[in-house]
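*Asks:* I have a structure here, written as structure tokens, and I will follow up with some questions on it.
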Amino acid sequence: MQAEAIMTTPVIGIKPSASVADAAALMLSKKISGLPVIRDDGALVGIVSEGDFLRRGELDTQAKRSRWLEFFVSPGRAADEYVHANGRRVDEVMSDDVVTASPSASLGEIVELMTRHHVKRVPVVDGGKVVGIIARSDLLRALLRAQPSTASTAMGDEQIRQNIIAELAAHKWASTEMISVTVDKGVVELSGAIFDERERHAAIVAAENVAGVKAVKDNLFCAGPVSVILVS
């Protein structure tokens, strides 16, 4: 799936010359936590979020340090912090180093950008113009749409069993020689040995995600590294 399939459009943005008060009011009224900052020609110049309003002079929450720590802060950094805490326009407090994506970016690439750069939203830009935006909530909506149907699937027990075994065999954490799978009227029973409790959870999830499975019975036992004796 690509970014253009889940992005929110049209984009709610704000002009660089808008006031901080206007930006805060817009975020509250639209129930969003961030706004792309867009020029009249549609070009993206920054992004402003709730985080940019945490350190504010009006709230007396600006950065404060002891006198000896203040000694190590450069004049440039101190000046930048002052502007951010007291600036009245969006372009004075916004972040101008914006992480963006193209409409053809995959959801995997979007998630990687969010994770690597610690951001909650990624503007989608095409030809230098903002055409959409993807927030974490858009990914949640995509997740809901991608969930398999809970409707009953007409599939025989043996086919279900084979599908579970194939799913387990596809992952290095699962040992198909040690885990036994039986299926009766869509109810799966997992038995045998595992060597890590995390493998138990993964095996159950693997079975639950196979079409036709109605329930999973866990009869796996966790064997310590020297508790399983193989008898020839």
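*Asks:* Being out of contact with any helix residue (DSSP H, G or I) (no Cβ under 8 Å at 6 or more places or on another chain) and not in a strand (DSSP E or B) is the requirement here; does ASP97 meet it?
*Replies:* Yes, satisfied.
*Asks:* Please report, ordered by residue number, the helices (runs of 4 or more DSSP H) entirely within region 107-169 with at least 3 residues that are farther than 23 Å from ALA202 by Cα, at pLDDT below 95 and of a type in the set (Gly, Ala, Ser).
*Replies:* none
*Asks:* Here's a follow-up. Condition check: outside any helix (DSSP H, G or I), more than 30 Å from GLN2 (Cβ to Cβ) and open to solvent by 60 Å² or more (accessible area, probe 1.4 Å). Does THR182 satisfy that?
*Replies:* The answer is yes for THR182.
*Asks:* Could I ask something else about it? When the residues of region 23-59 are narrowed to those that are open to solvent by less than 90 Å² (accessible area, probe 1.4 Å) and among the acidic types (Asp, Glu), which ends up nearest to ARG141 (Cα to Cα)?
*Replies:* Looking at residues that are open to solvent by less than 90 Å² (accessible area, probe 1.4 Å) and among the acidic types (Asp, Glu), I get ASP52.
*Asks:* State whether the residues of region 61-68 include one that is open to solvent by 70 Å² or more (accessible area, probe 1.4 Å) and touching a strand residue (DSSP E or B) at 6+ places or on another chain (Cβ under 6 Å).
*Replies:* No, region 61-68 has no match at all.
*Asks:* Among the numbered criteria (1) in a helix (DSSP H, G or I); (2) free of Cβ contacts under 8 Å to residues at least 40 places away in the same chain; (3) under 19 Å from the mean Cα position of the chain (by Cα), which single criterion is violated by GLU58?
*Replies:* (3)
*Asks:* Can you find a residue in region 113-135 that is without any contact (Cβ under 8 Å) to a residue 60 or more places away in the chain, among the charged types (D, E, K, R), over 18 Å from GLY42 (Cα atoms) and surrounded by 13 or more Cβ atoms within 10 Å (Cβ to Cβ)?
*Replies:* Looking through region 113-135, none of the residues is without any contact (Cβ under 8 Å) to a residue 60 or more places away in the chain, among the charged types (D, E, K, R), over 18 Å from GLY42 (Cα atoms) and surrounded by 13 or more Cβ atoms within 10 Å (Cβ to Cβ).
*Asks:* Examine region 147-169 for a residue that is within 22 Å of the chain's Cα centre (by Cα) and open to solvent by 50 Å² or more (accessible area, probe 1.4 Å), and state whether such a residue exists.
*Replies:* Within region 147-169, one or more residues are within 22 Å of the chain's Cα centre (by Cα) and open to solvent by 50 Å² or more (accessible area, probe 1.4 Å).
*Asks:* For region 70-85, state whether one or more residues are within 24 Å of HIS118 (Cβ to Cβ) and surrounded by 16 or more Cβ atoms within 10 Å (Cβ to Cβ).
*Replies:* yes
The values are calculated or read from the model by the stated rules, or taken from the named source; none is laboratory data. Nothing here was measured: the structure is a model prediction, and the numbers come from that model. Cβ: placed from backbone, ideal geometry, glycine included. Neighbour counts: every protein chain shown. Accessible surface is based on the protein model in full, side chains and every heavy atom, while ligands, DNA and RNA are left aside. Shrake-Rupley method; radii C 1.70, N 1.55, O 1.52, S 1.80 Å.
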